[in-house]
Amino acid sequence: MLPLHGLPEVREGADLAGLLVDAAGQVGGLRDGDVLVVSSKVVSKAWGLREPAGEGREALVLRHARRVVAERRTTTGTTRIVEAEAGPVMAAAGLDASNTGPDGGVLVLPADPDRAAADLRAEVVALAGIRRLGLVLSDTAGRPWRAGQTDLALGAAGVCVLDDLRSAVDADGRPLAVTARAVADEIAAAADLVKGKVAQVPAALLRGLDDVVPSADAGAPPGARSLVRTGPGDWFALGHREAVRAALGAPPATAAAAAVGVPAAGPEGEPERGDRAVRLALLGHEGARVHGSPASGYAVHAHDPVLAGRVAARLEVALVGEDVSATVEVIPTPGG
């Protein structure tokens, strides 16, 4: 793994391919079978993929998102995990306001990262005079159930992104049913060990991976988009709270969700979570009232017993979504 030092601050219109080939010359130049890993940030800079800093960040995130997966209230606003236009599910649609250079603004991801990788690869191959080169556009993202962030393959060209071992056998001769190694993500993460935001090294050269760089005559392998799991294969299309809230009429990033209240990123007490569950249960059900607390339980009042029953049932579900354990009962209203 060889860091490519010496790249200047990349500005819009820069010859990024030429800069990468020149930087690779300091470590002996590019060879057939190499894999070049380039931070997507420098591609965004070279292509002028920026949004002005004046527009609110939350509005920008929604504009560059296909759908919202989860949202949490923080001290600075609302942070959202979204399916970005660029493909992956990630925080804030991959918008980046750090290390944006003298031009400022907010950097956005290429809309088609695989096409961006293919175009950049073609330019590099032509300049370097080689035929077999893998190129991975990397970006940083968090991962469910794991602390911290790591780099993943946002886009890829000329490299096998997945090593699908299903239907093969392990060392003991047992069939492998689910093993499929995300090679492109592993390459991106490995390269980040010698790159890094603080060191301002936006690219790295990985050598010795000939087995994942197919011949120029083998046809283009699938890009990194094929690694994104959405649709029927996505078991976690919404956060558990968002799934409950959406089922009760308050999908994430909607006026209804804002009216009910967005859960906080940090710990919240049961009373606050219980109040939010009550607002969710009453959403669109005028004429009912709810009194009580998690400690004492909740009572639903309404002149219409059917309405009271509906709100009580909704409240039971909403409380589960907020991880609050409390009783719910319907109190008959005189005259109802």
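Rounded to two decimals, what is the ratio between the C-alpha radius of gyration of segment 23-134 and 2.2 N^0.38 Å? Can you show the working numbers first?
Working: Rg = 16.9 Å, N = 112, 2.2 N^0.38 = 13.2 Å.
Normalised Cα radius of gyration, segment 23-134: 1.28.
Most mobile of 224, 141, 93 per a Gaussian network model of the chain (Cα springs, under 10 Å)?
141
How much net charge surrounds residue 161 when only other residues with a Cβ under 12 Å from its Cβ are counted (Lys, Arg +1; Asp, Glu -1)?
On the way: positive: 181, 225; negative: 114, 163, 164, 185, 186.
Cβ neighbours under 12 Å give a net charge of -3.
Specify which residue in the list 293, 255, 142 is farthest towards the positive end of the charge dipole of the chain, using unit charges on the beta carbon of Lys, Arg (+1) and Asp, Glu (-1), about the Cα centre.
So the residue furthest toward the plus end is 293.
Top mean-square fluctuation among 306, 317, 213, Gaussian network model of the chain, C-alpha springs under 10 Å?
306
Take the Cα atoms of segment 221-267, find their three principal axes, and give me the spread along each one in whole Å, biggest first.
Here the spans come out as 47, 24, 17 Å, largest first.
Keeping all protein chains in the complex and leaving out DNA, RNA and ligands, what accessible area do you get for residue 130 with a 1.4 Å probe, in Å² to the nearest 10?
For residue 130, solvent-accessible area is about 20 Å².
Measure out, as a whole number of angstrom, how far apart the alpha-carbon centroids of segment 103-143 and segment 1-73 sit.
Distance between centres, Cα-based: 7 Å.
Give me the percent of the accessible area of segment 265-336 that comes from carbon and sulfur atoms, probe 1.4 Å, all protein chains in place. Walk me through the intermediate numbers first.
Values: 2190 of 3770 Å².
Carbon with sulfur: 58 percent of the solvent-accessible area.
Eigenvalues of the Cα gyration tensor times 5, then square-rooted: what semi-axes does that give for segment 235-324, in whole angstrom, largest first? It would help to have the intermediate numbers written out before the result.
Working: eigenvalues 90, 47, 24 Å².
Working from the Cα gyration tensor, I get semi-axes of 21, 15, 11 Å.
Springs between alpha-carbon pairs under 10 angstrom, Gaussian network model over the chain: which of 164, 119, 139 fluctuates most?
In the Gaussian network model the winner is 164.
Quick one: divide the alpha-carbon radius of gyration of the chain by 2.2 N^0.38 Å and tell me what you get. Display every interim value, and only then the final one.
Details: Rg = 25.4 Å, N = 336, 2.2 N^0.38 = 20.1 Å.
Normalised Cα radius of gyration, the chain: 1.26.
Which shape class applies to segment 40-91: rounded if a/c is under 1.5, otherwise prolate when a/b exceeds b/c and oblate if not, where a ≥ b ≥ c are the square roots of the Cα gyration tensor eigenvalues?
Numbers: a/c = 2.26, a/b = 1.40, b/c = 1.62.
Oblate.
With the cut-off at 1.5 for a/c, could you classify segment 116-167 from its C-alpha gyration tensor as rounded, prolate or oblate? If you can, show how the numbers build up before the last one.
Working: a/c = 3.87, a/b = 1.66, b/c = 2.32.
Judged from the Cα gyration tensor, segment 116-167 comes out oblate (a/c at least 1.5, b/c at or above a/b).
Along each of its three principal axes, how wide is the spread of alpha-carbon positions in segment 182-222, in whole angstrom units, largest first?
39, 18, 17
The values are calculated or read from the model by the stated rules, or taken from the named source; none is laboratory data. Being a predicted model, the structure only gives us computed values, none of them experimental. Note: ideal-geometry Cβ built from the backbone for every residue, glycine included; neighbour counts use all protein chains shown. Each accessible area value is taken on the protein alone, full model and side chains, heavy atoms only, with ligands, DNA and RNA left out. Shrake-Rupley method; radii C 1.70, N 1.55, O 1.52, S 1.80 Å.
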